[in-house]
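> Can you read through this structure? Questions will come right after.
The values are calculated or read from the model by the stated rules, or taken from the named source; none is laboratory data. What you see is a predicted model; the values in this text were computed from it and never measured. So basically every Cβ, Gly included, is an ideal-geometry build from the backbone, and we count neighbours across all protein chains shown. SASA here: full protein model, heavy atoms, side chains in, ligands and nucleic acids out. Shrake-Rupley method; radii C 1.70, N 1.55, O 1.52, S 1.80 Å.
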Amino acid sequence: MQIKTLVAAFAVALSMNAAWAQAPIVIKFSHVVATDTPKGQAAERFKEQAEKLTKGRVKVEVYPNSQLYKDKEELEALQLGAVQMLAPSLAKFGPLGVKEFEAFDLPYIFPSKAALYAVTEGPIGRGLLKKLEPKGITGLAYWDNGFKIMSANKPLHVPADFRGQKMRIQSSKVLDAQMRALGANPQVLAFSEVYQALQTGVVDGTENPPSNMYTQKMHEVQKHLTVSNHGYLGYAVIVNKKFWDGLPADIRGQLEQAMRDATTFEKAIAQRDNDLALEAIRKAGKTTIYNLTPAEQAQWRQALLPVHKQMEGRIGKDLIQAISRETAKK
């Protein structure tokens with residue numbers, strides 16, 4: 001009887017172990033934008049591909065729209081292992097201590113998407129992701145959003161129009177310097193708080209790619225929009241390094257393949273979605289859309305390009321020059 005009991009107990013233990021072994025690896029993927037933005041759609045694409053390629057051995061749970069964490073909280077949550085994956089904007093790594101990423105915030109540093117990709121997909125981009133590893137973070141890919149527009153409740157045609165305007169920015173010394181160079185007063189706010197801040201007048205305006213502005217309904221509380229293309233907004237898809245290194249090699253390879261697919265997909269839709277968003281804002285009829293004249297664009301450049309020199313001590317003169325050399329080839 002005792003032997004039968006032992007055998008039965010052993011069988012139960014084996015079945016429990018088998019069930020435990022078959023339990024999927026869960027990846028919590030948190031981000032702060034809407035599901036229908038380029039980043040939001042790419043996160044869903046990664047989930048789909050990751051679960052398909054791993055045949056269900058991995059389950060990806062996507063949490064959009066700051067459901068879990070706001071801007072300042074999400075990187076700490078990743079480092080602590082509360083979430084496994086994020087896709088923060090590149091500006092977020094400056095406050096983390098990796099100031100070199102703030103080069104992406106420099107106004108007018110990328111003349112085109114081709115020039116941008118020469119940096120992100122080349123040695124400079126790979127080298128920057130490596131700098132995250134001492135922080136317990138592994139960088140997997142760069143995701144695109146696009147060039148930024150300015151919005152406010154007054155026309156912003158020349159730098160003088162910014163004087164005294166309270167402009168929302170991400171936490172970035174470069175973006176702070178950019179707004180001050182235009183004569184504005186920069187205000188750091190979490191992305192999830194921007195709509196209400198614009199609605200209530202806590203801030204007067206902001207900068208964003210059109211897809212972010214439209215999906216967060218900011219155009220409903222902003223009377224004027226300027227297609228300035230003065231700066232770039234992109235993201236890095238990152239994972240908790242300890243979690244990533246602890247994955248079985250075959251699963252890690254399948255997830256890398258899923259990320260390559262999601263990245264190709266994301267880049268293909270980013271510009272399209274921004275173009276569609278700008279047109280949707282135009283059709284909504286609540287916001288006047290203005291395109292800078294060549295003379296006005298020259299004034300913006302004249303006001304903003306000195307920020308590059310101003311930030312050399314923070315970002316690194318050599319890095320800024322290396323990016324300029326790389327983009328000049330395009």
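> Out of all the residues in the range 305-328, is one or more touching a Gly at 6+ places or on another chain (Cβ under 8 Å), of a type in the set (Gly, Ala, Ser), open to solvent by less than 60 Å² (accessible area, probe 1.4 Å) and touching a residue at least 12 places away in the same chain (Cβ under 8 Å)?
No.
> Assess whether Thr138 counts as being over 21 Å from Asn229 (Cα atoms) and either part of a strand (DSSP E or B) or in contact with a Leu (Cβ under 6 Å, 6 or more places away or on another chain) (or both).
Details: over 21 Å from Asn229 (Cα atoms): yes; either part of a strand (DSSP E or B) or in contact with a Leu (Cβ under 6 Å, 6 or more places away or on another chain) (or both): yes.
Judged against the criteria, Thr138 is a match.
> Let me ask you something else. Sort out which residues of the range 122-137 are closer than 18 Å to Pro95 by Cβ and of a type in the set (D, E, K, R), and write them in order of number. So that I can check it myself, show each step before the final result.
In the first step, residues of the range 122-137 are kept if they are closer than 18 Å to Pro95 by Cβ; the result is 128-129, 131-137.
Hits for the range 122-137 are Lys131, Glu133, Lys135.
Residue by residue, here is whether (1) touching a helix residue (DSSP H, G or I) at 6+ places or on another chain (Cβ under 6 Å); (2) surrounded by fewer than 17 Cβ atoms within 10 Å (Cβ to Cβ); (3) more than 21 Å from Ile269 (Cβ to Cβ); (4) modelled with pLDDT of 95 or more holds:
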residue	(1), (2), (3), (4)
Arg45	yes, no, no, yes
Lys52	no, yes, no, yes
Val60	yes, no, no, yes
Leu68	no, no, yes, no
Lys72	no, yes, yes, no
Met85	no, no, no, yes
Ala103	yes, no, yes, yes
Pro107	yes, no, yes, yes
Phe110	yes, no, no, yes
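> Scan the range 40-52 and report the pairs whose first residue is under 16 Å from Ile238 (Cβ atoms) and whose second residue is open to solvent by less than 50 Å² (accessible area, probe 1.4 Å) and part of a helix (DSSP H, G or I), with Cβ atoms within less than 6 Å and a gap of 6+ or a chain change.
Taking only residues 6 or more apart or on different chains, the pairs are Ala42/Ala262; Ala42/Glu266; Phe46/Ala258; Phe46/Ala262; Ala50/Leu255; Ala50/Ala258.
> Something else about it: Which residue is most open to solvent (accessible area, probe 1.4 Å), if the candidates are limited to the range 152-198 and must be among the polar types (S, T, N, Q) and in a helix (DSSP H, G or I)?
Narrowing the range 152-198 to residues among the polar types (S, T, N, Q): 153, 165, 170-172, 178, 185, 187, 192, 196.
From what is left, the residues that are in a helix (DSSP H, G or I) are 178, 192, 196.
Details: Gln178: 0, Ser192: 55, Gln196: 125 Å².
My answer is Gln196.
> I want to confirm something. Restricting to the range 202-224 and keeping residues that are more than 22 Å from Lys39 (Cβ to Cβ) and assigned to a loop (DSSP other than H, G, I, E, B), which single residue is most open to solvent (accessible area, probe 1.4 Å)?
Lys223
> Something else: Take the residues of the range 22-78 that are assigned to a helix (DSSP H, G or I) and polar (S, T, N, Q): which is nearest to Trp143 (Cα to Cα)? Can you show your working first?
At the first step, the residues of the range 22-78 found to be assigned to a helix (DSSP H, G or I) are 22, 38-53, 71-78.
Narrowing the set further to residues that are polar (S, T, N, Q) leaves 22, 41, 49.
Details: Gln22: 32, Gln41: 11, Gln49: 16 Å.
The residue in question is Gln41.
> From Tyr235, Tyr290, grab the single residue that is closer than 19 Å to Lys148 by Cβ, within 23 Å of the chain's Cα centre (by Cα), open to solvent by less than 80 Å² (accessible area, probe 1.4 Å) and among the hydroxyl-bearing types (Ser, Thr, Tyr). I'd like the intermediate steps shown before the answer.
Details: Tyr290 fails: within 23 Å of the chain's Cα centre (by Cα).
Answer to the check: Tyr235.
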